[in-house]
């Protein structure tokens with residue numbers, strides 16, 4: 001089956017062919033006819049299988065059929081852009097800024113021969129140019145929920161004429177807490193619309209959300225939920241946590257790697273790993289939520305162009321990295337959520353290529369490893385070539401028990417501080433405690449000890465006179 005046989009408009013087929021695509025992917029072959037017919041679709045396929053094209057191409061086909069051709073009499077235009085104050089007709093929601101930019105690029109690529117306008121809306125940058133684009137008129141908005149809701153509150157976005165709503169990577173938006181923002185946005189949309197869900201996993205929460213906003217959807221699935229690509233060679237190193245930097249340096253220097261993507265659990269861990277690699281004369285860049293949008297864009301562009309061969313990212317950015325020819329993916333820290341592992345390694349082995357996914361696992365991450373293996377129904381191959389840095393998984397980790405010394409007096413002597421009177425351990429402390437106990441007994445208990453002295457009462461009475 002070719003794109004011509006799917007009923008796409010000729011300008012779209014011409015643009016797709018120019019990109020080197022001749023036949024649709026399985027998810028595209030199943031979803032395209034349904035979307036073209038105007039049906040709501042709930043699509044599930046692993047990352048890197050062409051989900052963006054599965055909704056972008058039929059949406060462009062719809063806009064091409066219903067958008068009147070602009071008159072050019074007496075008008076000077078630069079290309080097909082037509083900024084004329086139109087209201088947007090298509091809204092695509094996604095979880096990250098990087099993914100929003102890449103989706104917009106796909107719309108521009110497939111619709112290069114169509115007189116349509118597109119814009120992205122996301123946080124982390126000034127809203128000035130986003131507002132100007134909306135005021136000029138656009139056909140397609142690709143947005144993250146937070147910034148879109150903010151501009152809606154300010155009155156810059158009119159969703160009255162929306163015809164199509166797309167939620168891309170819906171499960172990730174759910175994980176990131178966008179569910180309430182999504183529901184607020186959906187309430188502002190017309191009821192008579194087409195709604196499309198596309199995601200790599202399909203948890204129960206996504207099913208429930210789809211039932212509330214989709215109208216008799218067609219479920220399209222081309223791979224088992226949360227499955228991994230067979231072209232990816234997956235393995236794991238059982239390595240002690242403090243030895244992970246040394247193992248990573250060794251593997252990078254020993255192996256012949258192309259573009260390499262490394263995932264850490266935290267933002268601070270990503271920055272710390274960049275410094276560690278720099279000490280070993282290994283060039284890398286980090287991308288995560290604490291970076292400014294300009295810094296994230298520069299790092300991603302350098303990675304795409306090959307100027308920086310290694311990109312270190314957190315899970316927030318994993319859904320927005322769509323770079324060809326990534327040969328290796330490292331899970332420096334195993335994710336707490338098993339499904340996240342699928343998204344991470346899905347960055348490699350795209351478009352029929354092969355890839356390598358390597359995971360590091362310490363004692364504290366063994367539970368996460370077992371959860372991943374249960375999810376993908378496969379046991380990862382364990383490496384034995386780094387025994388000097390690793391450990392035996394069958395051994396129990398040494399318990400981290402720190403006995404707190406009760407000898408406060410001794411601690412204060414070591415650190416050069418004055419001893420606290422509350423200390424009761426040690427010979428002097430015990431002696432103080434005994435003397436205080438005897439003193440209380442002689443004074444007749446706490447009440448008698450707290451009673452005012454007669455002399456003090458006489459002084460008060462004399463002052464009143």
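Considering only segment 403-410, I want to know if a residue exists there that is modelled with pLDDT of 85 or more and either surrounded by 14 or more Cβ atoms within 10 Å (Cβ to Cβ) or not assigned by TED's automatic domain parsing to the domain that holds residue 169 (or both).
Scanning segment 403-410 turns up no residue that is modelled with pLDDT of 85 or more and either surrounded by 14 or more Cβ atoms within 10 Å (Cβ to Cβ) or not assigned by TED's automatic domain parsing to the domain that holds residue 169 (or both).
Restricting segment 153-184 to residues that are more than 27 Å from residue 321 (Cβ to Cβ), assigned to a helix (DSSP H, G or I) and out of contact with any helix residue (DSSP H, G or I) (no Cβ under 7 Å at 6 or more places or on another chain), which is modelled with the highest pLDDT?
Within segment 153-184, the match that is modelled with the highest pLDDT is 153.
Answer yes or no as to whether residue 289 is at pLDDT below 90 and within 21 Å of residue 201 (Cβ to Cβ).
Here the answer is no, as residue 289 does not meet what is asked.
What number of residues within segment 267-283 satisfy the criterion of being more than 25 Å from residue 122 (Cβ to Cβ) and without any contact (Cβ under 8 Å) to a residue 40 or more places away in the chain?
The total comes to 10.
Output the number of the condition that residue 231 fails; it satisfies all remaining conditions of (1) buried (at least 18 other Cβ atoms within 10 Å of the Cβ); (2) in contact with a strand residue (DSSP E or B) (Cβ under 7 Å, 6 or more places away or on another chain).
(1)
Restricting to strands (runs of 3 or more DSSP E) lying wholly in segment 185-285: which have 3 or more residues that are out of contact with any helix residue (DSSP H, G or I) (no Cβ under 8 Å at 6 or more places or on another chain)?
Of the strands (runs of 3 or more DSSP E) lying wholly inside segment 185-285, those with at least 3 residues that are out of contact with any helix residue (DSSP H, G or I) (no Cβ under 8 Å at 6 or more places or on another chain) span 232-238.
Filter segment 321-341 for residues that are surrounded by 19 or more Cβ atoms within 10 Å (Cβ to Cβ) and either within 13 Å of the chain's Cα centre (by Cα) or over 18 Å from residue 369 (Cβ atoms) (or both) and give the result.
321, 322, 326, 328, 335, 339, 340, 341
The values are calculated or read from the model by the stated rules, or taken from the named source; none is laboratory data. The shown structure was predicted, so the numbers you read here are calculated from the model rather than taken from an experiment. Cβ atoms come from the backbone with ideal geometry, glycine included; neighbour counts cover every protein chain shown.
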